[in-house]
Amino acid sequence: MLKFGQALKIVLGDTKPMKWEWVVLSRAHRRVLAEDIIAQNNIPYTDNSAMDGYAISTKDLKTVPLELKVAGVVSCGKPITKRLRPGEAMAIMTGAPIPEGCDGVVPVEDTELVASGIVRILSKINRGRNVRYSGEDVRKGEVVLERGTSIGPAELGMLASVGRKRVRVFRKPVVAILVTGNEIIEPGERLRPGRVRDINTFSLRGLVERFGGAPLALGIAGDEKAKLLRKMRKGLNSDVMIISGGVSMGRFDFVRAALTSLGYRERFWKVAMKPGMPISFGHIGRMPIFGLPGNPVSSMVSFLEFVRPLMMKLVDRPIDLPEISARLKNPIVKKDNKRHFLRVKLDYSDHKYFASLTGPQGSGILKSMIECDGIAVIPENAKSLKVGDRITVQLVA
Ligand code: AMP
Ligand code: MG
């Protein structure tokens, strides 16, 4: 059977990034930059004060206390043309430009006004003290944000700071989600024997949104080929299609057959992993299509391990989830040569991370995904593990 690593390579194989579009800054949160952002100016633009106080020349400050003549007031937003002369100080506000001739700011707390126009400096400062230099945040010509950066609050602030009103971002990949199964009913419907409420439309939709895509729910298709085809056709203009269920060995698993009649070129079907063994991947035209197992946990885990990396590649982002090393709090029994993906909760004590299983790990136990901080990856060649053994955990929370 195909190893996980080989399968992932096939999935990522010939993925090209999405096209880009403009968005105004106020709509750019959580989008992904499709351009490098280059600063057109130094920021701060001019040297300015980090404190409310008195701008002085440190050459004058041989001994303290020292009385200086207040030669002016520098406030924010106004350029200052006056030059400081020996024996003078200028009152200055935080953020106001440093006048020529000054090379430090004494905070107002370290001064006393002795008479009108005369200030007493009580403590010495070094050259450059409380001065924010031009370009100390950003230098003109510097790449401040790279293509492929996800735009969070700080990035929004930086884009504003460098004067961008709109930015080029990758289009959101539209990910069609089709669930199958004659037993599947809408969440609003009453449970009857043999019926199962549709979980996957919702958990997969959440995952698509979490990783920057636009979900397109195609609904529940049942298990007849004609119905499957009708629903599948509605997703053919998407960027990615996910079909849950109907790809196993059951008598009514017609998904692959239906896909084939739409021109599906399957690249693989089964992967040596747990959960999630029956996974079909291929293309119709250029569109990647995933046939994921219907079990709710398997479909979420196989999304995280296959669909998410593909979505990252579509917007030029790093493919790997952040990983940490943790020590097991539960023993793990493993007898096969598959890669296992276990759901764990993490805690930190004694300078170490500890991972405990989120309860029973059956692929139908959705509770195992609740309060899951990460996915423990147990490699193919690992045997059973003991309490205290080290494992690698991908952070998903
Ligand atoms: P399948 O992959 O179609 O053989 O389905 C495997 C298991 O997952 C079966 O027990 C299905 O009832 C269940 N299942 C499939 N699709 C869904 C869904 N959308 N929501 C909840 N359970 C599902
Ligand atoms: Mg089914």
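The values are calculated or read from the model by the stated rules, or taken from the named source; none is laboratory data. Quick caveat: nothing in here was measured; it's all calculated off a predicted structure. Cβ: placed from backbone, ideal geometry, glycine included. Neighbour counts: every protein chain shown. Note: accessible area is taken over every heavy atom of the protein model, side chains too, but ligands, DNA and RNA are not part of it. Shrake-Rupley method; radii C 1.70, N 1.55, O 1.52, S 1.80 Å.
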Can you go through F290, F268, F252 and tell me which one is outside the structural domain of H340 (by TED's automatic domain parsing), farther than 21 Å from G213 by Cβ and away from ligand 1 (no atom under 12 Å from the Cβ)? F268
Filtering the stretch 322-343 down to residues that are under 29 Å from the mean Cα position of the chain (by Cα), closer than 22 Å to M300 by Cα and part of a strand (DSSP E or B) yields E323, I324, R339, H340, F341, L342, R343
Some residue of the stretch 54-62 being assigned to a loop (DSSP other than H, G, I, E, B), open to solvent by 20 Å² or more (accessible area, probe 1.4 Å) and touching a helix residue (DSSP H, G or I) at 6+ places or on another chain (Cβ under 9 Å): no
Would it be correct to say that S261 is within 11 Å of ligand 1 (Cβ to nearest atom) and among the small types (G, A, S)? no
A careful count of residues in the stretch 370-397 that are touching a Ser or Thr at 6+ places or on another chain (Cβ under 8 Å) and either part of a loop (DSSP other than H, G, I, E, B) or surrounded by fewer than 17 Cβ atoms within 10 Å (Cβ to Cβ) (or both) gives 5
Among the residues in the stretch 24-31, are any small (G, A, S) and without any contact (Cβ under 8 Å) to a residue 12 or more places away in the chain? yes
Under the condition of being open to solvent by 40 Å² or more (accessible area, probe 1.4 Å) and of a type in the set (K, R), which residue from the stretch 327-350 is farthest from ligand 1 (Cβ to nearest atom)? R327
Step by step: first the residues of the stretch 256-279, then only those that are touching a residue at least 60 places away in the same chain (Cβ under 8 Å) and of a type in the set (D, E, K, R), then the one that is farthest from G13 (Cα to Cα). Which residue is that? K274
Failed condition for L304, given (1) under 27 Å from G364 (Cα atoms); (2) touching a Pro at 6+ places or on another chain (Cβ under 7 Å): (2)
Selection from the stretch 240-259 of residues that are open to solvent by 10 Å² or more (accessible area, probe 1.4 Å), more than 9 Å from ligand 2 (Cβ to nearest atom) and touching a Gly at 6+ places or on another chain (Cβ under 8 Å): F254, R256
Answer yes or no: is there a residue in the stretch 223-236 that is within 14 Å of ligand 1 (Cβ to nearest atom), closer than 27 Å to D14 by Cα and out of contact with any helix residue (DSSP H, G or I) (no Cβ under 6 Å at 6 or more places or on another chain). yes
Based on what the data block shows, is G77 farther than 30 Å from R147 by Cα, part of a strand (DSSP E or B) and out of contact with any His (no Cβ under 6 Å at 6 or more places or on another chain)? no
If we ask which residues in the stretch 204-227 are surrounded by 19 or more Cβ atoms within 10 Å (Cβ to Cβ) and modelled with pLDDT of 95 or more, their number turns out to be 11
Considering the stretch 11-30 alone, what residues qualify as being open to solvent by 40 Å² or more (accessible area, probe 1.4 Å) and either out of contact with any Gly (no Cβ under 8 Å at 6 or more places or on another chain) or among the β-branched types (V, I, T) (or both)? G13, D14, K16, P17, K19, W20, E21, W22, V24, S26, R27
Filter the stretch 177-216 down to the residues that are away from ligand 1 (no atom under 11 Å from the Cβ), of a type outside the set (D, E, K, R) and closer than 20 Å to V301 by Cβ and list them by number. G206, L207, V208, F211, G212, G213, P215
Exactly one of A96, A89, A71 is open to solvent by less than 20 Å² (accessible area, probe 1.4 Å), under 48 Å from the mean Cα position of the chain (by Cα) and not acidic (D, E), and that one is A96
The number of residues in the stretch 232-283 that are hydroxyl-bearing (S, T, Y) and under 26 Å from the mean Cα position of the chain (by Cα) is 2
Please give the strands (runs of 3 or more DSSP E) falling wholly within the stretch 116-194 in which 1 or more residues are more than 16 Å from ligand 2 (Cβ to nearest atom) and surrounded by fewer than 15 Cβ atoms within 10 Å (Cβ to Cβ). 118-121, 143-145, 166-170
Of the residues in the stretch 351-369, those that are assigned to a strand (DSSP E or B) and open to solvent by less than 70 Å² (accessible area, probe 1.4 Å) come to K352, F354, A355, S356, L357
Out of all the residues in the stretch 261-269, is one or more surrounded by fewer than 23 Cβ atoms within 10 Å (Cβ to Cβ), modelled with pLDDT of 95 or more and within 16 Å of ligand 2 (Cβ to nearest atom)? yes
